[in-house]
Amino acid sequence: MGIFFDDANRLFFIETPGTSMCLALADEEGFLCNAYYGAAVGRDDLRYLLGGKNNPAVPSRNDRDRGCYFDKTRLEFPSGGTGDYRNPVICVRDAGGHDSSLFTYVSHRIYEGKEEISAEMTDGRKVRMPAAFPGKAGAQTLRIVLEEKVLGLRAYLSYSVFDDSDAILKSVRLTNESDTTVILDKLLSSNLDLDLSCFENHEPDIVTLSGSWARERRMDRRRISRGNSEVYSTRGESSHQFQPFMALCENGADDSKGRIYAQTLIWSGNFVCGAGMDQFETVRSYIGISPEHFTWDLKPGESFQSPEAVLVFTEKGFDGMSHIFHDLFRGHLIRSPYLYSERPILINNWEATYFDFNTDKLLDIARDAKKCGIEMLVMDDGWFGKRDDDNSSLGDWVVNEKKLPGGIERLSGELEKMGMKFGIWFEPEMVSPDSDLYRAHPDWAISSPGRVPTRIRNQYVLDITRSEVRDHVYECVAKILRSAKISYVKWDMNRQLSDLGSTGLDASSMGRLSYLYTLGVYDLQERLLEEFPDLLLENCSGGGARYDAGMLFYSPQIWCSDDTDAYERLTIQAGTEMIYPLSTMGAHVSASPNHISGRVMPFDVRGAVALSGTFGYELDITAIPDAERESIPEQVAIYHSVGDIVREGDYYRIARVSDIELYDAWMSVTKDKKRALLTYVQCKGSPRTGKRVIRLKGLDPDMMYSLKLIGSDDENSRFCSHGKKHDWKILAPEGAVSGKSLMNAGLMLPVLWGEYGQMMFEIRQV
Ligand code: DGJ
């Protein structure tokens, strides 16, 4: 594996342990084409896959029908206006307004390692962009230089691979080497043209994750069609509505099998991700920054850097795809020292008190929490300014002494005496119209002249593209963190961008605002981690509106959704886990009936679902029923005993409640396959069916295992009918059982009494 150039045939081979991508320099003019991407192949002359040497495949000898070539060929860097009528990767205009372009090969370089990528703010400050890094693995990069001769532009395309990953990382930097300004209206990070024959039955499906607030990342699956199918965000965040992710898969693909081409973007702002089929049954898929609300006056000598795209191919279904993403993000993207270590079990006061709290109430919660083994109190929204609801004070990061007499120093001091860690909530990017900050600096809010900006949650967005605003925001957060012992920050963002306008940008650079805003967020979080390297940072955006690979570069965990209802969470978490490691998924046990859905759910089921994420509590522990409080220490003990399997293991999906209604089940299996955790959640009772067979996954067929039911005091207590206990047992072989029996014959689980129930099994090699 690695990256090779076949000089004689002008072919690049980009190889990972299990896949190959073959790029060809076609024609004398050197058009960069994708000859092949998929399971590993030899370094053979694959140029025939581009359609041979017949017209119109030789554009330099076919002046009559050059357009046919561009419209038909699998191009790596398709541009607009010169004969390819499909979706272009780049749209650029010259000073006269002409918008055609055509890029051809100049040179290339293959080198060991992988460089960081960065971009410049308007004040000249360089911001490192989130991107995968080699870590302990060997890495190789191919840099191909293409040029647009008429406009004097150069595109530097980067392809990197790591020797322990089946992902390919792609990005592009465009430089204006002419002496006139050009207008860049679009530059995507990746284009992938595939022949339909890559998919069994020639009928691929498109899989995306979509939703809304409190309904994030639900799997959507539909047949590909002619014309494009797109997901996108123009909200200045990756969004509740769509994920920067798309998988193209054979229609027979499922969790365990099938060919899948997937892509995501290491970016937290506007994006577009799409795919469609053309007249010749080529599938074109693409991902990058959305061209909506984006234009860039690229002055002579200036460059534009795209975010990094991640391409994944697997023949092992969605589980195989998830393994590649999870391992890439854990091994090559998340930098936090907490990545694999046990995170402190936290209790957050948001759903316990909302804005109505004071030091005494927080200490009462902390005291009871401590007794149960919880390790950290997180003080959520409402501790600053005069904020008693969400109508004021964002921007005034001064402690409300009426609620917290003695300030944060006293509260954190009391917690420390108790042996509890302390965490705090911020929403640094925002300002309330009713705040001292806004009254002093109304021009610091993003807004368009002559227009009262649209309020969302009664707040505006601070213009962190301006360095003085960014510096102020940073100092507000850092000052508080310097003032007390604070172990954790929840960084929230509760509205989208609108009314795009910045007093710091002139007309020629206004179209950069959304891009620079995202860089501003990265700059702030990078500075924070530089000054407070031990800080545990959890990103959040009104739940999960900024749950993306970009934010994982800064925080090892992200609040998954404001919907903490364990039933709803099954679907939200199943979607999230398709891309992101379970260790990143903020998941808490909350009160029942649930505050968002009103659903009543047993405490053990709430625990089982939260235990497959970062795990914590979000309830008034002083007010819940005694029986629930008394079962917290056991949940805490489970977290301590199996949390490492969830954080470090491979994830396998067994059943999705969104497909089968009756139950949901998944597993985490350690890399050495010696330990595993199986979580089964019953979502519907079904009288007289009696049993359900669950076939396990990911174990070593030849290892012998023991199974232990955890998190249920009395194994029989839930297996009743007519309100009476039965002596039904979990039907599994007594004693040790082989991996192959567990995976092929499976476990026979009884149907539990009532609607919702759970069973968790710790599985160990014996
Ligand atoms: C949205 C978050 O997702 C919640 O957990 C909470 O922190 C609120 N914001 C506070 O305003």
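The values are calculated or read from the model by the stated rules, or taken from the named source; none is laboratory data. Quick caveat, the model's predicted, so the values are computed rather than measured. Quick reminder, even Gly has a Cβ in these numbers, built from the backbone with ideal geometry, and neighbours come from all protein chains shown. Side chains included, ligands, DNA and RNA excluded: accessible areas come from the protein's heavy atoms. Shrake-Rupley method; radii C 1.70, N 1.55, O 1.52, S 1.80 Å.
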* **Per residue accessible area in Å² of the chain, where ligands, DNA and RNA are left out and the probe is 1.4 Å** => 36
* Structure fact -> Output ordering of 380-388, 537-545, 194-202 (per-residue mean of other Cβ within 10 Å, highest first) is 537-545, 380-388, 194-202
* Carbon and sulfur atoms: what percent of the 1.4 Å accessible area of the chain do they account for? -> 49
* Taking K671 as the anchor, which lysines have their alpha carbon closer than 23 Å to its alpha carbon, excluding any fewer than eight residues away along the same chain? -> K136, K257, K316, K697, K708, K740
* Once you put a point 7 Å from the Cα of S118 and another 7 Å from the Cα of V145, both along the Cβ direction, what distance in nm separates them? -> 2.1
* To do: Just grab the label-to-label distance for K136 and K386, each label 7 Å out from Cα along the Cβ direction, in nm (one decimal).
  => 5.6
* **Gained length - S100 relative to E530, 0.36 nm times residue gap less alpha-carbon distance** => 150.4 nm
* Asked: If you average the sequence gap of Cα pairs under 8 Å that are 6 or more apart and divide by the length of the chain, what percent do you get for the contact order?
  -> 10
* To do: Out of all DSSP beta bridges with both ends in the chain, state the antiparallel percent to the nearest 5.
  => 85
* Cβ-based net charge around I572, under 13 Å, with every Lys or Arg adding one and every Asp or Glu removing one -> -2
* Structure fact -> Dividing the helical contributions, -39500 (n - 2.57) per DSSP H run of n ≥ 4, by the residues of the chain yields a 222 nm value, nearest 500 deg cm²/dmol, of -6000 deg cm²/dmol
* Asked: K485: which lysines have alpha carbons under 22 Å from its alpha carbon, excluding same-chain residues fewer than 8 sequence positions away?
  -> K361, K370, K371, K402, K403, K417, K421
* Structure fact -> Projected onto the charge dipole of the chain (unit charges on the beta-carbon of Lys, Arg, Asp and Glu, signs +1, +1, -1, -1), the Cα from T571, Y517, F422 with the largest positive-side position is that of T571
* Structure fact -> Along the dipole axis of the chain (charges at Cβ: +1 for Lys and Arg, -1 for Asp and Glu; origin at the Cα centre), the most positive-end residue among L196, L535, G607 is G607
* Answer with one residue from A119, A155, Y85: the one whose Cα lies farthest towards the positive end of the charge dipole of the stretch 29-182, charges on Cβ with Lys, Arg +1 and Asp, Glu -1. => Y85
* **Spacing of the two label points (7 Å from each Cα toward its C-beta) at M510 and E302, in nm** => 1.5
* Structure fact -> The lysines whose Cα lies under 25 Å from the Cα of K126, excluding any fewer than 8 residues away in the same chain, are K114, K170, K186, K299, K479
